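Read the figures in this text as sums done on the coordinates, not as results from a lab. No experiment lies behind these values; they were computed from the predicted model shown. Every residue, glycine as well, gets a Cβ built from its backbone with ideal geometry; the counts of neighbours run over all protein chains shown.
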Amino acid sequence: MDSAIEQFLSHLSGDKGYSENTVSAYRNDLTQFMQFLQRSDVGRWPRLRQQDILAYGLHLREREYKQSTLARKLASVRSFSHFLKDAGVVTDDPAEGLDSPQVARRTPRTLSDKEVALLLELPGRTPTAKGLRDRAILELLYATGMRVSEVTSLDLDDADSVSGSIICGRSTPAQRAIPLNPHAMEALRAYLDFGREELVTAAGQTALFVNHRGERLSRQGLWLVIKHYVKELGLGDNVTPHTLRHSAAAHRLSLGANITEVQHLLGHANPSSTQIYLRIARASRKEAAEPRYATA
C-alpha cells in the first residue's frame, strides 16, 4: 500500500508542482488513513470501498479533530482515491459523490504597511553579515511572496542582478521568474557583496542563503530568523514567514495588480487560491496609509 502512496506523492511533487510542505501534509494524512484501513482488515487498495472512507470520517470525528483538520484529511483521501481510479488500481472511484465537510475559510493574517516597513528595516540596524542576510531574506519574502521552501532552495545562479529578477522553483513545474523591486534588489546585492562571503566556509557552496556554519539555511532556520525579528517588534506569535507571503499578495492587489499577476507571483495552480486576497485588498484600499512599494 505504501508504494501507491509514494507514486501519488511523486505525482503531486513532479506533475502538479506542489510544495514540499503540502506533499508532507498529504503523506501524513494518507499514512494515517492507510493505518486505519489496515486495522480494519483492508490490506490492499483494490479492496477500498466508499464505506471505508465514511468509516474513516466517523473515526476522525470521534477523535474530535477540528473541522478544518477533518476537511483537510478527507480531502487528501478523496484526491488519492481519484488517483487510484486514474491509475487503474481500483475499478470505481470510492470517493465519488462524497461531500466535503464545510469549513468557514478564515482570512489570512496580513501585516499593515507600517508593520512591514518596521520589520524590513530592523535587520539593517545590525551591520553584520547576519544582518545583511536577514534583511535580504525579509525583503525577498515580501517582494516575491515565495514560500519558505522556495527561498531556502535558492542557489546563487537563481539571482540575476542584471535583470533584477530571481528564478523561483527552478526545474519544477512551478518555476517562475519574479522581478524584484529596488529595495529587495539593493538588499540582495549588499548581502552578496559584503555578507555571504563572511558566512560561507567551504568552497563550492551553491546555496544563496547560508547559516552561521556556512551551510544552506534550512526551513527551520529561516523560521527562527523571522521569529527573532517578530518578537523584537512585538508583532505576536501568529506572524510567520507565510504572513509575509499573504501580505505581499494583498498589498499588490490593493495597489491595482491584476489577480492573474498575483497568481503567477505566488505560484498558485488554481486561481481560487488567490481570490481570498481580494477581500483583504478591498479593505486595505479604504485605509489612508501610503504604501511603501509600488506594483512592479
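The stretch between R213 and E232 holds 4.4 nm of extra length on full extension. This uses 0.36 nm per residue minus the Cα-Cα distance.
Shown here for the stretch 19-80: trypsin sites (Lys or Arg not before Pro) in loop regions (DSSP other than H, G, I, E, B) with at most 16 other Cβ atoms within 10 Å, namely R44, R49, R63, K66. Taking amide H as placed 1.01 Å from N in the peptide plane, the amide H of D155 sits under 5 Å from that of L208, each at least 5 places away or on another chain. For the stretch 2-86, the Cβ-based charge dipole about the Cα centre amounts to some 260 debye (Lys, Arg positive; Asp, Glu negative; other atoms uncharged). Applied to the stretch 51-63, the Karplus parametrisation 6.51 cos²θ - 1.76 cosθ + 1.60 on θ = phi - 60° returns per-residue 3J(HN,Hα) values of 5, 5, 5, 5, 5, 5, x, 5, 4, 5, 5, 5, 7 Hz, with x for Gly and Pro. Converting phi to 3J(HN,Hα) with the Karplus coefficients 6.51, -1.76 and 1.60 and the offset θ = phi - 60°, the stretch 11-16 yields 4, 5, 6, x, 7, 8 Hz in sequence order, with x at every glycine or proline. Scanning the chain for GluC sites (Glu not before Pro) in DSSP loops with at most 14 neighbouring Cβ atoms within 10 Å leaves 97-286 as the longest stretch between them.
Along the axis of the charge dipole computed for the chain (Cβ charges of +1 for Lys and Arg, -1 for Asp and Glu, origin at the Cα centre), the listed residues V90, H183, A249 are led at the positive end by A249.
Note on L118/I167: beta-carbon distance plugged into 1/(1 + (r/R0)^6) with R0 of 22 Å gives a FRET efficiency of 0.15. For the pair A177 and A87 in one chain, pulling the backbone fully straight at 0.36 nm per residue adds 29.1 nm over the alpha carbon distance.
For Rg/Rh (Cα atoms, Kirkwood Rh), pick the label among [x] 0.99; [y] 1.07; [z] 1.02 that corresponds to the value derived from the coordinates. Structure-derived value, by its label: [z]. What number of lysine-lysine pairs in the chain show an alpha-carbon separation below 30 angstrom, given a sequence spacing of 8 or more or placement on distinct chains? Here the count comes out as 16. When the chain is described by a simple charge dipole with +1 on each Lys and Arg Cβ and -1 on each Asp and Glu Cβ, the residue from L70, L118, G43 located farthest towards its positive end is L70. Projecting the Cα atoms of P127, S79, A203 onto the dipole axis of the chain, where Lys and Arg carry +1 and Asp and Glu carry -1 at the beta carbon, places S79 farthest toward the positive end. Using Cβ point charges alone (K and R +1, D and E -1), the dipole size of the stretch 51-131 about the Cα centre works out to roughly 560 debye. Arranged from fewest to most other beta-carbon atoms within 10 Å of their beta carbon, F36, F209, F83 become F36, F83, F209. Note on the chain: with charges restricted to the Cβ of Lys and Arg (+1) and Asp and Glu (-1), its dipole about the Cα centre is near 780 debye.
For the stretch 117-128, putting each phi into the Karplus relation 6.51 cos²θ - 1.76 cosθ + 1.60 with θ = phi - 60° gives couplings of 4, 5, 5, 6, 7, 4, x, x, 6, 10, x, 10 Hz, in residue order, rounded to whole numbers and with x for Gly and Pro.
Taking 7 Å steps out from each Cα toward its Cβ at R189 and N21 produces label points 3.1 nm apart.
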